[in-house]
Amino acid sequence: MSEKNTIIELKDVSFAYSEGAERALDHVDLAVREGEFVGVIGPSGAGKSTLAAVMSGAIPHHFSGQLFGATLVDGQDTCEVTLTDISRIVGSVLQDIDSQMVASVVEDEMLFGLENFGVPHDQIEDRIQQTLETVGIADLHDREIATLSGGQKQKVAIAAILALAPRVLVLDEPTAALDPASSTLVFETLRRVNELAGITVIVIEQKVALLCKYCERVLVMSEGRLAFDGEPHEVFAHARELRQMGVDSPRVARMANSLAQKGILPAGGRPCLNVPEAKELVAGLVAGARGEADARAAASAEPAPAAPAAAHAPAPRPQAEGAEPVVELDHVNFAYPNGGATVDDLQMRVYPGELVGIVGQNGAGKTTLTKLLNGLLRPASGTVRIAGIDTKGVPTSTIAAHCATLFQNPDRQICKDTVLEEVAFGLTLHGMPEPEARQKAAAVAERFGLPLDESPFSLSRGQRQMVALASVVVLDPDVVLLDEPTSGLDYRECMTVMETVREMAGRGCAVIMVCHDMEVVSDFAQRLVVMANGRILARGEASQVFSDDDLMAAAYVEPPQVIALSKELARDVDPAFANISEVSQVVDLVEEMVRRG
C-alpha cells in the first residue's frame, strides 16, 4: 500500500497575535496525511486553537499578527490563496457552536453554506439529505435549532460543514459542554465520516480517554511547540512529562506507569489506554505471581498464602451527622412555560461539608435543579429550602446571601474592569464596606495567583474561570453551586479549581456540582445524585452508584475507568478489587498481590 499524500503541512511556522507579544506558535513543523484521525491536546495557552486557525486558513486571513514559515493546504501556501479556496478543502467547527450557527432551522443552516459555495440548486437537496443521514440526524431536518440538545447541535454543525464536501475537518473541543454519551456520539460520527468518506479529522480535545479510543495519532502542544507526536500508546507512556505540562492521562495509563515506577512492570513499557487492556495486564500479573507462589508452595509442601481480603476498598467518606440539612428539596416540580424540559418530584437533602455530584445526560434537568436552588426559578409545587429559608417567598438577593453559583461560562458572571474589583463586587453587594471588601478580595485573588489590576477579559479562559471561582470563594457561602466547573480547563487548572472546592467543603460549605467529567466526579464527590428525564433516579455513595450498570445505562452515564476496572477485576480476578475507586488503590493492591505471590 502506497504512502498517503500529505494534505496539511506546517514548515517552521511561528505566529504572534501582535508585535512584541509572546509567540502562540513557535517553530512548528507538522505534516498531516490524507485520511488520518488526529487528536490534539495540551494545557490552556499551549497554542492548540492557534494551530487550528493556521490549518483552517483563519490565520492569516481572519486573524492578523506576525506569521513566519509556510502552511501548505493540499500543496498551496495559505498566504497565496483566498480563505474561500482554503475552506473548500478544510472545514472548521468552533468550540462555541451557538456562535457558528446562522439559521434557526436545521435545513436552513445546511442551505447557507451550500448556497454561498455556489452548489447547483438541483444538487442541494440530495446533498443535504445524504449528509444528514451520514451524521445520523436525518430526523432533525425540519427541527428548530433552539430546541436541540448540545450533542444534536454539534452534529448539525458537523453536518453543515460536511455538506460542503471538505477533505479535512478541524474541530476545536467539540465535546466540551457535552455529557459522556453525547461526546461518544460526536466521536462516532467523526469516525464514520473518517472511515466511510475518507475525510481527514483533526480534533482538539481535553477528554484524553476519548481521544485514545478514536485517534490513531496524538499531538501534544506545550508553550506553542509540538512536544510529542505519535500513536496514543507512545504519547501516554510519557505520563510524568505530560502531567508537568498540565496534561492529563487516562486513569488506566496512570496505573500502568505507576506499576512501572514500582518495578512491577518493565520501565518504558506500553501503557494501558482502556479498561480491557488494563484488566488483561492486571490479571496477567496476578496470575503469574500466584503461579510462582503455588510452585514454591508445592516444592516446600507448604500451602500458598491466602490472597488479601478486600481491605483496600475505600472507607465511605463521612457525612455531616447530627446537623440540619442546608439544602432541602421536598417534592419539587417545575415546567417551563413554553414547553421543554421539566423536573418532577425532586427530593434531596445536602448537609454542611458535603460535596455532592449531580450527573446525567444533557437535558436530564440538572441545570434546572441548580436554578431552583439559587432562586433563578421558583417551584410550581413543592418546597425548596436553602439554609432553612423557603425560596418561594423571598427575593433572589436573600437566597444569594447563602447560596453562590459558579456558572459554566465565566464570562456570564464577570462585569468589572479589574480582577480585584470583580472579586470584591459580591462582598460590596452584600453590604461590606469597600476598603474591607477590597482587602479580603485581594487576599483570595492572590491565593489563586491572579493579577489584581488586569482586566478579567484579557485573561485566558482558565484564568477567567479562576476569577469567577475567587468571586464565589470570597463570599464564604453556606452553599455553592457549580455548573460544569471544569469545562474548557486543562488538567492543572481543573485540579486547582477542584482542590479549592474541596477546601470549601472542608470548611463546612455544602457543594453541589453538576459535571460531565466522571473522572472528576469520582475523584471529588462524596455522594452522587443521578438524574434522567427530569427525575432523580438514584442517590448514593459514588463508587456504588457507578457500579450499577442498569442505572448508568438509564442515565446515559459512563462510569470512570478505575471503577469499571475494579468491578471487572473483582468479578474475574479477585474480590479484593471490589469498590476501589482510585488509581493508587489499584496499584497498591496489585503490588501487594505480586509481592506476596
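When you scan segment 171-182, do you find a residue that is open to solvent by less than 10 Å² (accessible area, probe 1.4 Å), more than 12 Å from the chain's Cα centre (by Cα) and either of a type in the set (A, V, I, L, M) or within 23 Å of residue 363 (Cα to Cα) (or both), even just one?
In the first step, residues of segment 171-182 are kept if they are open to solvent by less than 10 Å² (accessible area, probe 1.4 Å); the result is 171, 174-175, 178-179.
Restricting the remaining residues to those that are more than 12 Å from the chain's Cα centre (by Cα) gives 171.
Cutting the leftovers down to either of a type in the set (A, V, I, L, M) or within 23 Å of residue 363 (Cα to Cα) (or both) gives us 171.
Yes: segment 171-182 contains one or more residues that are open to solvent by less than 10 Å² (accessible area, probe 1.4 Å), more than 12 Å from the chain's Cα centre (by Cα) and either of a type in the set (A, V, I, L, M) or within 23 Å of residue 363 (Cα to Cα) (or both).
Can you list the strands (runs of 3 or more DSSP E) lying wholly within segment 10-128 that have 3 or more residues being surrounded by fewer than 22 Cβ atoms within 10 Å (Cβ to Cβ)? Even if it seems obvious, please write down each step before you answer.
Numbers: elements: 25-33, 37-41, 66-73, 90-93.
By residue number, 25-33, 66-73.
Select from segment 403-451 the residues that are of a type in the set (Gly, Ala, Ser) and assigned to a loop (DSSP other than H, G, I, E, B) and write down the one among them that is farthest from residue 388 (Cα to Cα). Steps first, please.
Filtering segment 403-451 for residues of a type in the set (Gly, Ala, Ser) gives 404, 424, 426, 431, 437, 441-443, 445, 449.
Filter again for assigned to a loop (DSSP other than H, G, I, E, B), leaving 431, 449.
Working: 431: 22, 449: 35 Å.
Only one residue tops the list, namely 449.
Quick one: residue 240 ticks every box in (1) basic (Lys, Arg); (2) without any contact (Cβ under 8 Å) to a residue 60 or more places away in the chain; (3) touching a strand residue (DSSP E or B) at 6+ places or on another chain (Cβ under 8 Å) except a single one, so which number is it?
(3)
Of the conditions (1) under 29 Å from residue 205 (Cβ atoms); (2) in contact with a helix residue (DSSP H, G or I) (Cβ under 7 Å, 6 or more places away or on another chain); (3) surrounded by fewer than 24 Cβ atoms within 10 Å (Cβ to Cβ), residue 481 fails just one. Which one is it?
(3)
Only one residue in 170, 247 is modelled with pLDDT of 90 or more, closer than 24 Å to residue 7 by Cα and in contact with a Ser or Thr (Cβ under 9 Å, 6 or more places away or on another chain). Which one? Explain how you work it out, then say what you get.
Values: 247 fails: closer than 24 Å to residue 7 by Cα.
None of the others qualify; the one that does is 170.
In segment 530-545, which residues are under 19 Å from the mean Cα position of the chain (by Cα) and part of a helix (DSSP H, G or I)?
Across segment 530-545, the qualifying residue is only 542.
Is there any pair linking a residue in segment 496-508 that is under 17 Å from residue 449 (Cα atoms) and open to solvent by less than 10 Å² (accessible area, probe 1.4 Å) to one that is at pLDDT 90 or above and not in a helix (DSSP H, G or I), with Cβ under 9 Å and at least six apart or on different chains, and which?
Partner pairs satisfying both residue conditions: 497/482; 498/513; 501/355; 501/480; 501/482; 501/509; 501/511; 501/513.
Residue 558 is checked against (1) within 23 Å of residue 185 (Cβ to Cβ); (2) of a type outside the set (Ser, Thr, Tyr); (3) surrounded by fewer than 20 Cβ atoms within 10 Å (Cβ to Cβ); (4) at pLDDT 90 or above and fails just one. What number does that condition carry?
Going through the list (1) within 23 Å of residue 185 (Cβ to Cβ); (2) of a type outside the set (Ser, Thr, Tyr); (3) surrounded by fewer than 20 Cβ atoms within 10 Å (Cβ to Cβ); (4) at pLDDT 90 or above, residue 558 breaks only (4).
Return only the number of the condition from (1) open to solvent by less than 10 Å² (accessible area, probe 1.4 Å); (2) under 14 Å from residue 562 (Cβ atoms) that residue 281 does not satisfy.
Here residue 281 clears every test but (1).
Within segment 575-596, count every residue that is more than 29 Å from the chain's Cα centre (by Cα) and surrounded by fewer than 18 Cβ atoms within 10 Å (Cβ to Cβ).
5
Please count how many residues of segment 216-226 are touching a strand residue (DSSP E or B) at 6+ places or on another chain (Cβ under 6 Å) and buried (at least 19 other Cβ atoms within 10 Å of the Cβ).
Taking segment 216-226 and keeping what is touching a strand residue (DSSP E or B) at 6+ places or on another chain (Cβ under 6 Å), we get 216-220, 224-226.
With buried (at least 19 other Cβ atoms within 10 Å of the Cβ) added as a condition, the list becomes 217-220, 224, 226.
Selection size over segment 216-226: 6.
Can you go through 572, 523, 517, 548 and tell me which one is over 19 Å from the mean Cα position of the chain (by Cα), open to solvent by 20 Å² or more (accessible area, probe 1.4 Å) and touching a residue at least 12 places away in the same chain (Cβ under 8 Å)?
Values: 523 fails: over 19 Å from the mean Cα position of the chain (by Cα); 517 fails: over 19 Å from the mean Cα position of the chain (by Cα); 548 fails: touching a residue at least 12 places away in the same chain (Cβ under 8 Å).
Every option except 572 fails the conditions.
The values are calculated or read from the model by the stated rules, or taken from the named source; none is laboratory data. Model, not experiment: these values are computed from the prediction. Neighbour counts are summed over all protein chains in view; Cβ atoms, including those assigned to glycine, are modelled from backbone coordinates with ideal geometry. Quick note on the areas: whole protein, heavy atoms, side chains included, nothing else; ligands and nucleic acids left out. Shrake-Rupley method; radii C 1.70, N 1.55, O 1.52, S 1.80 Å.
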